[in-house]
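Just passing along the structure, written as structure tokens.
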Amino acid sequence: MTNEGAGAAGAQGRRLVIKIGSSTLTTSESKVDYDYLRCIADQIAQVQAAGWQPVIVTSAAIACGLEALGIDKRPHDMPSLQAAASVGQVVLSAAYAEAFAPHGITTSVVLLTRRDTADRRAYLHARDTLMRLLELGVVPVVNENDTISVEQIRFGDNDTLAALVACLIEADLMVVLSDIEGLYDDNPNTNPEAQLISRVDAIGPEILAVAGGAGSTIGSGGMITKIKAARVLMVAGIPLVICHGRRVGAIVDAAEGREVGTRFVAAAKPHAITPKKLWIALGDAVRGALVVDAGAKAALIDRGCSLLTVGVSAVEGHFDEGDIVDIKDTGGHLFARGRVASTSDEVELAVGHSREALRANRLLCDLADKALVHRDELVVFE
């Protein structure tokens, strides 16, 4: 996998994920822009003809359902949202099929929930299905299954889903079509002097700080969710382009490596990233967090070590053995994620004790020497 886009000559068999947000695909809370969808189909047909294997991650099922049901204002109660998603998924799927039909391209529907990706067997089945669809020349259209997943409607975002799909298929590039040109050094809505950042090769606290909240009431994501997705993709060695979805030829330009929006490209992979680690990074919901001291952080980042209990200075949330947790430094910066080998209750009891003290404690002696988060189940973002 390379770190840059490529033209038609080098695109044979390369996989491309295109994420289209609700605010880009719609003209209001309950109206889908079908003319725009046809333009998207034209671009995707062009990159497919150049040798790319495209996958679409789409939003707007609820908006399609509201339009079909004649509801102008987005409701707030969950049954109405889920009903709209149920109706809208049919409408949206038909719209994609119709838009691609003139190009002779078959589309498919793949609906996922976090429950699916939390189960590693289901995760691998989803990967195999997507890969087979691409082999058959199909353009898969992936969406969250909002009809049955309450959490996804309330808190989900398709930026995370798109990053998950990109990791699933080991994509060579992911493009996010947004309602903003890319990442700015300040909020362009309030600061007319804000400058577009054309390239990011590392995501630290300063990049996270300039990512604002959601820019639209139609979708559920914002720039911060895109940056979090970029952080995982950079670890995986998958370039990400965030650009304005209404920019003419945005998908083609991004695929051919032209300067468009903000391109996130890691200078190098910090550590070996296995499919299992990518699943840990994106496939399951985080249950809590471990705050670690400077020594533990350095050991994890610089030496690729496992996390030991003695390096933990605080515990956030409640988690069980085997859950996925964030790992933060004492300044609150999240720099890693992994599968924890003990419960939050056990770790809280051990915080502040030396290894010798833990060994002498009959209740906590098991925590003295075993890895709290083993390096084989740890993803470092820096």
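The values are calculated or read from the model by the stated rules, or taken from the named source; none is laboratory data. Worth saying up front: this structure is predicted, and the values here are computed from it rather than measured. No Cβ is skipped: glycine too gets one built from the backbone with ideal geometry, and neighbour counts run over all protein chains shown. What goes into the accessible areas is simple: the full protein's heavy atoms, side chains included, and nothing from ligands, DNA or RNA. Shrake-Rupley method; radii C 1.70, N 1.55, O 1.52, S 1.80 Å.
Looking at the chain, what % of its DSSP beta bridges pair antiparallel, to the nearest 5?
For the chain, the DSSP antiparallel bridge percentage is about 40.
Next question, about the same structure. Hey, what do the phi angles of segment 122-137 turn into as Karplus ³J(HN,Hα) couplings, whole Hz, using 6.51/-1.76/1.60 and θ = phi - 60°, x for Gly and Pro?
Per-residue couplings from phi come out as 5, 4, 5, 5, 4, 4, 4, 5, 4, 5, 5, 4, 5, 4, 7, x Hz.
D35 accessible area, nearest 10 Å², 1.4 Å probe?
100
Please give every one of the aspartates and glutamates within straight-line cross-link reach of K276, meaning a C-alpha to C-alpha distance under 13 Å, and leave out same-chain neighbours fewer than 8 residues apart.
Output for K276: D119, E170, D284, D376, E377.
Counting heavy atoms of the protein chains only and a 1.4 Å probe, report the per residue accessible area for the chain as a whole number of Å².
I get 43 Å² per residue for this part.
Between H103 and E321, what's the calculated FRET efficiency when r is the beta-carbon distance and R0 is 41 Å? Round to 0.05.
Once the sixth-power term is evaluated, E becomes 0.25.
Taking amide H positions as placed in the peptide plane 1.01 Å from N, state which residues far from T27 in sequence (5 or more) or on other chains have amide H under 5 Å from it.
V32, D33
Could you rank R355, R258 by how accessible they are, 1.4 Å probe, largest area first?
Largest accessible area first, the list is R258, R355.
A follow-up question, please. Taking a probe of 1.4 angstrom, what is the accessible area of E382 in Å², to the nearest 10?
Ignoring ligands and nucleic acids, E382 comes out at about 70 Å².
Which value, in Å² and to the nearest 10, is the accessible area of D329 when all protein chains are kept and the probe is 1.4 Å?
Per-residue accessible area (D329): approximately 30 Å².
Could you list which residues have their amide H under 5 Å from that of L372, counting only those 5 or more apart in sequence or on another chain, with H placed in the peptide plane?
Correct list: L307, L308, T309.
Which of the residue pairs K226/K328; K226/K297; K73/K226; K19/K228; K73/K228 have a Cα-Cα distance greater than 21 Å in the structure shown?
K226/K297; K73/K226; K73/K228
Do any trypsin sites (Lys or Arg not before Pro) in segment 55-130 lie in a DSSP loop with no more than 16 other beta carbon atoms within 10 Å, and if so, which?
For trypsin sites (Lys or Arg not before Pro) across segment 55-130 that sit outside H, G, I, E and B with at most 16 neighbouring Cβ atoms in 10 Å, the list reads K73.
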